[in-house]
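Below you'll find the structure, written out as structure tokens, and then a few comments.
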Amino acid sequence: MTNVARNERLAIAATLAGAVVLTWFSTWPDWSQAEENLAVAAELEKKVGDLNLAEAELARETKRLAASRDRQEAQCLRVPTTADVAGLMQRLSLEVDGHFVRDQTFTVMDRPEAEANRFQVLPLQIEMEADFDHIWKVLEQSERLPRLLRVAGLEVSLLDSKEEAAASEPRMLRAALALDVVYAPPNHGDRSP
């Protein structure tokens, strides 16, 4: 074998070795970056999957919250920001006809009292001269109001004696109905739940 052939072989081997080294050094960074990219892609896919689960969970919890709010509105009475005694008087007033209802008077008993640092309670008294059915009607109307109103007391006494009442006339009673009008004025006490 001649020197030229050997030099050619060495040159070819050196060229191949250089090509391998060059290829190795030029592809290795991309190869290692590809592994990092695969790891990041797997992590992102996991996060997207977790995000889909979180969105589904959020949708379920949003439905539960809406159902809870509907249930609260249906079962809980509203606590208004004002006592609105005039509105209560209008809703609980009966027609004074002289026959079934002889008299009905509303009296605010005292200044409002604070209750539990969140609410004000205004005592209201309704005095009536009426038959039992109409007294009961006022109690039922107060119970059906869409706001919080407590019955604090009820005193009922017979107005006419048996001898004075005519057989065709309804039995007249005197009633004093004490109500607590509960309201929560803005910026009054601690409003936190």
Mind counting the residues in region 99-153 that are within 34 Å of the chain's Cα centre (by Cα) and over 27 Å from P185 (Cα atoms)? 2
Being touching a strand residue (DSSP E or B) at 6+ places or on another chain (Cβ under 9 Å) and modelled with pLDDT under 85 is the requirement here; does L77 meet it? yes
Here are some residues: E73, E113. Which one is acidic (D, E) and under 17 Å from V182 (Cβ atoms)? E113
Does region 14-35 include one or more residues that are under 30 Å from K137 (Cα atoms) and not assigned by TED's automatic domain parsing to the domain that holds E169? no
From the option list G18, G98, single residue qualifying as at positive phi, of a type outside the set (D, E) and free of Cβ contacts under 8 Å to residues at least 40 places away in the same chain is G98
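For (1) at pLDDT 90 or above; (2) part of a strand (DSSP E or B); (3) under 16 Å from L149 (Cα atoms), each residue gets a yes or a no:
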{"site": "M89", "(1), (2), (3)": "yes, no, yes"}
{"site": "G98", "(1), (2), (3)": "no, no, no"}
{"site": "R102", "(1), (2), (3)": "yes, yes, no"}
{"site": "T105", "(1), (2), (3)": "yes, yes, no"}
{"site": "A114", "(1), (2), (3)": "no, yes, yes"}
{"site": "V121", "(1), (2), (3)": "no, yes, yes"}
{"site": "L124", "(1), (2), (3)": "yes, yes, yes"}
{"site": "E127", "(1), (2), (3)": "yes, yes, no"}
If you scan region 135-176, which residues turn out to be farther than 13 Å from F100 by Cα, at pLDDT 90 or above, part of a strand (DSSP E or B) and among the charged types (D, E, K, R)? E155
For R64, are the conditions met, namely being modelled with pLDDT of 90 or more, over 22 Å from F119 (Cβ atoms) and either part of a strand (DSSP E or B) or basic (K, R) (or both)? yes
T82 vs (1) in a helix (DSSP H, G or I); (2) in contact (Cβ under 8 Å) with a residue 12 or more places away in the chain; (3) within 17 Å of V182 (Cβ to Cβ); (4) not small (G, A, S): all pass except (1)
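The values are calculated or read from the model by the stated rules, or taken from the named source; none is laboratory data. Bear in mind that the values here come from a model prediction, so they are computed numbers and not experimental data. Note that we place each Cβ from the backbone using ideal geometry, even for glycine, and neighbour counts take in every protein chain shown.
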